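Report on the structure given below.
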Number of protein chains: 4
Amino acid sequence: MSKAETLWIIPDGYIPPSSCGELVSHESVCVLNTSDQDAEVTIHAYFEDREPLMNMQAIVPARRTRHIRTSSLIAGSERIPPGVPYAMEVRSSVPVYVQYSRLDSTQAENALMSVMAFPVRE
Amino acid sequence: MSKAETLWIIPDGYIPPSSCGELVSHESVCVLNTSDQDAEVTIHAYFEDREPLMNMQAIVPARRTRHIRTSSLIAGSERIPPGVPYAMEVRSSVPVYVQYSRLDSTQAENALMSVMAFPVRE
Amino acid sequence: MSKAETLWIIPDGYIPPSSCGELVSHESVCVLNTSDQDAEVTIHAYFEDREPLMNMQAIVPARRTRHIRTSSLIAGSERIPPGVPYAMEVRSSVPVYVQYSRLDSTQAENALMSVMAFPVRE
Amino acid sequence: MSKAETLWIIPDGYIPPSSCGELVSHESVCVLNTSDQDAEVTIHAYFEDREPLMNMQAIVPARRTRHIRTSSLIAGSERIPPGVPYAMEVRSSVPVYVQYSRLDSTQAENALMSVMAFPVRE
């Protein structure tokens, strides 16, 4: 835990399948790129009972943040299915910082959770 | 905080004893195994006022995640009792990543919390 | 982040002053002592506008966890006041692991948050 | 993760634009300064689609904590806008500890999340 890294791990991924009220259930992979180069971010999703879904892409421009909704990620024609436990490996072409947050409004009121993703030194 | 590890610590364990509504109160120990070998995971539970409950087992296959419900763990004929504060030591035969999350729906709406487990370099 | 430590920091402390429903608002400093020696834990509380409250004590026996309610801590005749932002320094006579969690039931439903405390290598 | 640091990163910032009930939605950057010198804290905010907002200032006196509301920060005449995803870089003139917490009461009940900020060794 000492600098921006190019590989971050999020073991607890889950897209809540339903929502109530004003706020929509969702997960965000929040990436901060303080460098002067655009970051090409590649996300792999691992599941409990099927092969990983590889190489979902996103761009985080130089000196910008992006709070990437996991439901927006695409690998070919596949997406991460809602209502299924999974985990993520987040790779970036330049060192970045990654936090993961989930808002769940399945029941009438919303619940939040957040973790700093786990940085891997390669 | 620099790579997958074989020992992870979760000091705040608690299985909520009751639930309301659609979502069932539970804890998950979320393990990601990105390696090519199956991981044999062994969990010890420590309590405030009794001897630890040792050697509860789970398997996380190669290139898979498992979100292990703590209420499903068994040591002989014993389980982790609900409604009791405890802590966990999570050991794995191969390096993995571990996150801990709890959903509490004791009152009418659900609450969430999550932490990256604490990695121990041995 | 590599082993049990004797100093842990929790910058965001706050004892919610009120509760609704079945669950009582509280904070817990969750300590796991996997060693063979009892841990003497000493907690200092820092405030925004007054001198620190030093040397609140708790014991965590060998091979036990304790989820210490912050409202139970005493320094002489003083306690941590509810409804006031503060921060904690947690020192232990033997290396331990520390997680901090808060349950807030000020409004009708409960909310949870949790962080691994920040380990300091001395 | 081994000592107080002078640079901390929070990738997931968001000021909830509305509140319900007794508790007001807000974020806090919780800084603990255990040193004998006052800390001059400088916060930069990064956005998804505009230039960063630089050099918002706060003071954390020696042996004090401050739970800084992000909505109180000012850069010239500009503030961090509510309802917009952003990220923070927190710099301090002396080593400190930083935790980030959010209370969201957009819907009828409150939700909490908290993370230890990510410490950067420079």
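The values are calculated or read from the model by the stated rules, or taken from the named source; none is laboratory data. On a predicted model such as this, the values are computed, not experimentally measured, just so you know. Neighbour counts are summed over all protein chains in view; Cβ atoms, including those assigned to glycine, are modelled from backbone coordinates with ideal geometry. To get the accessible areas, we keep the full protein, side chains included, count just its heavy atoms, and leave off ligands, DNA and RNA. Shrake-Rupley method; radii C 1.70, N 1.55, O 1.52, S 1.80 Å.
Observations on the structure shown:
- Peptide C:94-104, shielding by other chains (average Cβ, 10 Å cutoff): 5
- Dipole magnitude for region D:5-117: about 280 debye, using +1 per Lys or Arg Cβ and -1 per Asp or Glu Cβ, origin at the Cα centre.
- Given +1 at the Cβ of Lys and Arg, -1 at the Cβ of Asp and Glu and no other charges, the dipole of the protein assembly as shown around its Cα centre is 580 debye to the nearest 20.
- Reciprocal of mean inverse Cα separation for chain D (Kirkwood radius, Å): 14.8 Å
- Cα shape, region C:63-116, gyration tensor, a/c 1.5 rule: oblate
- Furthest towards positive pole of dipole, B:Val24, B:Ile43, B:Pro61, structure part chain B, Cβ charges: B:Pro61
- Virtual spin-label span in nm between B:Glu51 and A:Ile59, 7 Å along Cα→Cβ: 6.3 nm
- What the phi angles of region B:51-60 give under the Karplus curve with 6.51, -1.76 and 1.60, with θ = phi - 60°, is a coupling list of 5, x, 9, 9, 6, 7, 10, 8, 10, 10 Hz, glycine and proline written as x.
- Exposed loop positions in chain B were taken to be trypsin sites (Lys or Arg not before Pro) whose DSSP state is not H, G, I, E or B and which have at most 15 other beta-carbon atoms within 10 angstrom. Between these positions, the longest stretch is B:51-120.
- Mean sequence separation of contacting Cα pairs (under 8 Å, at least six apart), scaled by the length of region D:5-117, corresponds to a relative contact order of 41 percent.
- With Cα atoms as the point set, the radius of gyration and Dmax of the protein assembly as shown evaluate to 20.9, 65 Å.
- All aspartates and glutamates inside 14 Å of D:Lys3 as judged from Cα atoms, apart from same-chain residues fewer than 8 positions distant: C:Glu5, C:Glu89, C:Glu122, D:Glu122
- Summed over the residues of the protein assembly as shown and divided among them, the accessible surface reaches 35 Å² per residue at a probe radius of 1.4 Å.
- Accessible carbon and sulfur surface of chain C relative to its total accessible area, %, 1.4 Å: 47 percent
- Sparsely packed GluC sites (Glu not before Pro) within region B:31-98, loop by DSSP, other Cβ within 10 Å at most 16: B:Glu48
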